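Taking it in order: structure first as structure tokens, then the write-up.
The values are calculated or read from the model by the stated rules, or taken from the named source; none is laboratory data. For clarity, every value in this text was computed on a predicted model and none was experimentally measured. Positions of Cβ are generated from backbone atoms using ideal geometry, with glycine treated the same way; all protein chains shown enter the neighbour counts.
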């Protein structure tokens with residue numbers, strides 16, 4: 001009976017499900033012959049991991065591409081962020097956002113640091129820089145902010161607060177590959193910034209990550225920490241971890257740099273279609289607009305759904321999209337502050353995070369990847385508008 005009702009609705013709307021699943025994202029795959037050529041280089045060098053030639057070349061190329069003074073490669077972004085905390089010797093409490101991927105507060109916990117959740121800005125969905133100062137205590141040692149969906153945080157205001165109280169600033173820039181502010185790479189702000197090169201990101205090394213920083217001595221410490229603290233064959237100078245990126249992934253990363261311009265342009269075109277199709281729909285809030293001095297990477301396209309104005313909840317839309325073979329994501333739901341491992345914290349109380357709670361119930365990440373056609377994007381928008389009650 002339920003299937004019959006769904007079929008009648010589709011006939012009324014004259015929209016058929018997509019024949020194959022449309023996911024929220026798909027990895028960019030390099031041409032296999034390019035990968036094969038790089039593998040032949042690796043086989044000739046007989047070097048698979050542990051700071052080989054592909055690793056060194058990718059570090060050099062990314063340092064230039066991302067416009068940062070120093071960059072250290074890692075096997076994933078989470079390990080990179082853990083090492084960032086270690087390298088700065090962070091302790092006590094660190095102020096962060098509840099509206100982020102689980103890895104952000106987890107790296108604090110793994111470093112025996114207590115995350116202190118600060119509410120978010122209602123427009124950018126980043127940490128609310130105006131509230132950070134009120135949360136600082138004698139136990140606070142740093143601010144861990146996230147450039148959510150690639151939209152830069154208020155880096156100047158955050159740095160001003162940090163300077164006033166002698167705090168470190170770490171940025172989770174997992175979403176912000178290639179983002180720039182006033183022509184400066186996003187990795188030049190704060191003490192350290194982390195990027196994720198996971199396959200779901202705009203740029204990837206299959207799995208991987210990096211730390212970006214401005215201090216030569218800090219890079220030396222980071223590079224020791226990611227390699228067990230080994231200084232040479234006979235000296236281990238600190239307790240490190242295995243965070244190295246291998247040669248195969250580094251080689252793929254070098255190839256992927258050549259795909260970034262085209263992929264970004266395709267996503268810009270898709271974003272314009274979403275803007276055009278959804279901009280006037282009551283109850284739909286689009287990605288926040290940014291100033292002209294900011295260069296975005298267009299990795300994500302996120303909307304917010306106001307149930308009162310749209311007539312349907314975000315969860316209704318998320319569930320019913322699946323009937324059309326469209327798979328969106330509720331980034332980031334539940335909030336990190338709602339996890340069982342954090343909800344007992346005083347700062348995790350919902351009444352202290354009203355904006356984050358509201359946004360967490362409204363946000364929906366739409367399909368966004370270069371392989372998605374413009375016709376597909378328009379059809380997805382048509383399906384979404386058909387849900388409106």
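List of remarks:
- Check on residue 160, within 25 Å of residue 352 (Cβ to Cβ), under 15 Å from the mean Cα position of the chain (by Cα) and surrounded by fewer than 18 Cβ atoms within 10 Å (Cβ to Cβ): no
- Test: residue in the range 361-368 that is touching a residue at least 12 places away in the same chain (Cβ under 8 Å) and more than 20 Å from the chain's Cα centre (by Cα): no
- In the set (1) buried (at least 24 other Cβ atoms within 10 Å of the Cβ); (2) touching a strand residue (DSSP E or B) at 6+ places or on another chain (Cβ under 9 Å), the condition left unmet by residue 204 is number (1).
- Pair list, Cβ < 6 Å and 6+ apart or interchain, from the range 320-349 residues that are on the phi > 0 side of the Ramachandran plot to residues that are modelled with pLDDT of 95 or more and surrounded by fewer than 21 Cβ atoms within 10 Å (Cβ to Cβ): 325/17; 325/18; 325/21
- Under the condition of being over 25 Å from residue 372 (Cβ atoms) and either at pLDDT below 95 or surrounded by 24 or more Cβ atoms within 10 Å (Cβ to Cβ) (or both), the residues counted in the range 190-201 number 4.
- Tally of residues being more than 23 Å from residue 241 (Cα to Cα) and without any contact (Cβ under 8 Å) to a residue 40 or more places away in the chain across the range 82-134: 8
- Residue among 362, 307 that alone is under 30 Å from residue 119 (Cα atoms) and surrounded by 18 or more Cβ atoms within 10 Å (Cβ to Cβ): 362
- Single match in 88, 58 (criterion: surrounded by 15 or more Cβ atoms within 10 Å (Cβ to Cβ) and more than 24 Å from residue 107 (Cα to Cα)): 58
- Within the set 123, 181, the sole residue that is within 25 Å of residue 285 (Cβ to Cβ), at pLDDT 95 or above, surrounded by fewer than 23 Cβ atoms within 10 Å (Cβ to Cβ) and touching a helix residue (DSSP H, G or I) at 6+ places or on another chain (Cβ under 9 Å) turns out to be 181.
- Helices (runs of 4 or more DSSP H) (entirely within the range 1-105) containing at least 3 residues that are farther than 30 Å from residue 192 by Cα and at pLDDT 95 or above: 32-45
- Residue pairs whose Cβ atoms lie under 6 Å apart, sitting 6 or more positions apart in sequence or on different chains, and linking a residue in the range 143-157 that is surrounded by fewer than 23 Cβ atoms within 10 Å (Cβ to Cβ) to a partner that is part of a helix (DSSP H, G or I) and at pLDDT 95 or above, are 154/129; 157/129.
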